[in-house]
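All remarks here apply to the structure that follows.
The values are calculated or read from the model by the stated rules, or taken from the named source; none is laboratory data. Nothing here was measured: the structure is a model prediction, and the numbers come from that model. Backbone-built Cβ (ideal geometry, glycine too); neighbour counts: all protein chains shown.
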Amino acid sequence: MYHALHFDLSPDSLRGALRIRVRGSLTSRTVPQLITFLERRAHLPDCPDLLLSLCGLQEIEPHALDEIMRSVADLNSRGLGPAITVDLPVSADASVVPRHVTDARQEWSHQSEMSQGAVREPDDGGVPVRTVMAPVRSTISTVQSLQEASERVSEGEDLVVLSLAHQPLGLIRQERLRAMMLHSEEDWRHKRCASLVETFADHVSVDAFLDDPSVAEAIRRCQEPEVGPLLVVDGDEAVGILDPDELHRHRSAELRAPQVRVDHSVRAGGER
């Protein structure tokens, strides 16, 4: 069934770029619309780098996908506008994506994965990190004041602090902010958020098309004493926070849970 193309634009908090999510059907009929949209966007003054996400498409024709990849490669080769990165669907049932396009996706995403340091290991059957992480709800710039942070913080939630490049730098924990408000002089209001930030120790990558890493996998990144919180990213988007103490509590509960042993020597009717 044919679906017209729709474009959703939003700033990417992790990369400081503009994310373009494409919905609908990518076919020989609609591909000129997407190419024209990209060319016009790339020629706008002061246009940031572009992240073109095709993961939300309901239909993809291989020839149309080839044409988009060639067009993006041509725009990038000119070196006159923003860099364009393509995010392609990689699900088990994405049979419409041919092998050579899958190879192209790996080439396009290589630089992004290297910069993130993303390491995905096979699922080990443990508790997924998405069930443990605290979602990112509020952000603030490192150069904003603690007064602004106190007005933005929500009950029971921490603030994610962004660097000047709009990348997640660390956390301002609610309890530390309140302690400063109670015990410090009036000048705390004028201090920058950078003075109270707890830097992220590392990050863990999740992906809507792959199995989430488990708590056990995340704990491997928390072996050093005094380790800071972990940032959870989905592609280039910050989606959650993992607290090391909370991770260890969940892991301890996992290890204490009774293990069910199946005796395969028992046949139907109770006979051995």
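Things worth noting here:
- The sole residue among E185, E155 that is at pLDDT below 90, within 26 Å of the chain's Cα centre (by Cα) and farther than 21 Å from G228 by Cβ is E155.
- Every pair of residues 6+ apart whose Cβ atoms lie under 6 Å, when the first sits in segment 178-193 and is assigned by TED's automatic domain parsing to the domain that holds Q147 while the second is part of a loop (DSSP other than H, G, I, E, B) and β-branched (V, I, T): R192/V143; C193/T142
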